[in-house]
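The values are calculated or read from the model by the stated rules, or taken from the named source; none is laboratory data. Bear in mind that the values here come from a model prediction, so they are computed numbers and not experimental data. Counting neighbours? That spans all protein chains shown, and the Cβs are built from the backbone with ideal geometry, glycine included. Just so you know, the surface numbers come from the protein's heavy atoms only, side chains and all, with ligands and any DNA or RNA stripped out. Shrake-Rupley method; radii C 1.70, N 1.55, O 1.52, S 1.80 Å.
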Amino acid sequence: MQLTIRRYQDPDKETVLSLFSQGIEEHTWPSFKNAMGSPLYLCFSLGLGFTGYLLASGLGALVLVSGWAGLVYYCCHKLYTVYVRNRLQTDMQDIAASFMAQPDDCFWVAETVGKGKVVGMVAVVAKKNGAERYGELFRMIISPAIRRTGLGSRMVQTVLDFCKQRGMSKVTLDTSSTQTAAIALYQKMGFKHSSVELEPIKV
């Protein structure tokens, strides 16, 4: 499948917003597994199971633990749905104004050649720290059907080249620990991981 990367255009909006929503909300399950696998949550789950077993045998333990797991999943799901709703009402409401109004900002989409279907997106926003100018990478989302095709690397490289051409010193980004595939991609592209964020890559 041939893919091309180009700048965002207003007719892309509906597809981009759909891809954005799906890309963010798919983090619900990894976040749930990460939470339930933490020592604190494991101890709490075991405690609930033991309490349920003492009060009402094995079925009671199952009901309590299942209810707890359901609550955790709901909270994870709510976290991402609220985030999506907030973004759709703010910067993603007018993508061109939020990410393309300034000459050193940009928003790209990846689309299939021929069909013109948008299957990926990425943005960069210019930042300043004193006299230093750098880019911050945002909204990196690839359709699940197109992953592991090299598109992610191409889109990150597009951001790096853009920033280098404009004389920026580096590119930074933030990501969550549950996005293991994304972190592996960024590290492959030269970013360095820290406990808080991926350290910037020089351009």
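Could you work out the percent of alpha carbon pairs in segment 77-161 separated by over 15 Å, rounded to a whole number? Before the final figure, lay out each step's value.
Numbers: 2340 of 3570 pairs.
It works out to 66 percent of all Cα pairs.
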Over the chain, with the other protein chains present, what is the accessible area per residue in square angstrom, probe 1.4 angstrom?
57 Å²
Evaluate E = 1/(1 + (r/R0)^6) for ASP174 and PHE50, where r is the Cβ-Cβ distance and R0 equals 30 Å; express this FRET efficiency to the nearest 0.05.
0.20
Would you please name the trypsin sites (Lys or Arg not before Pro) within segment 91-127 that are DSSP coil residues with at most 12 other C-beta atoms within 10 Å of their C-beta?
LYS115
For a quick check: with amide H placed at 1.01 Å from N, whose amide H comes under 5 Å from GLY120's, ignoring anything fewer than 5 positions away on the same chain?
ALA110, SER143
On the Cα set of the chain, report Rg and Dmax in Å, please.
20.6, 68
Using Cα atoms only, what is the angle between the long axis of helix 151-165 and the major principal axis of the chain, expressed in degrees (0 to 90) to the nearest 10?
50 degrees
Measure off, as a whole percent, the carbon and sulfur share of the 1.4 Å-probe accessible area of the chain, all protein chains present.
57 percent
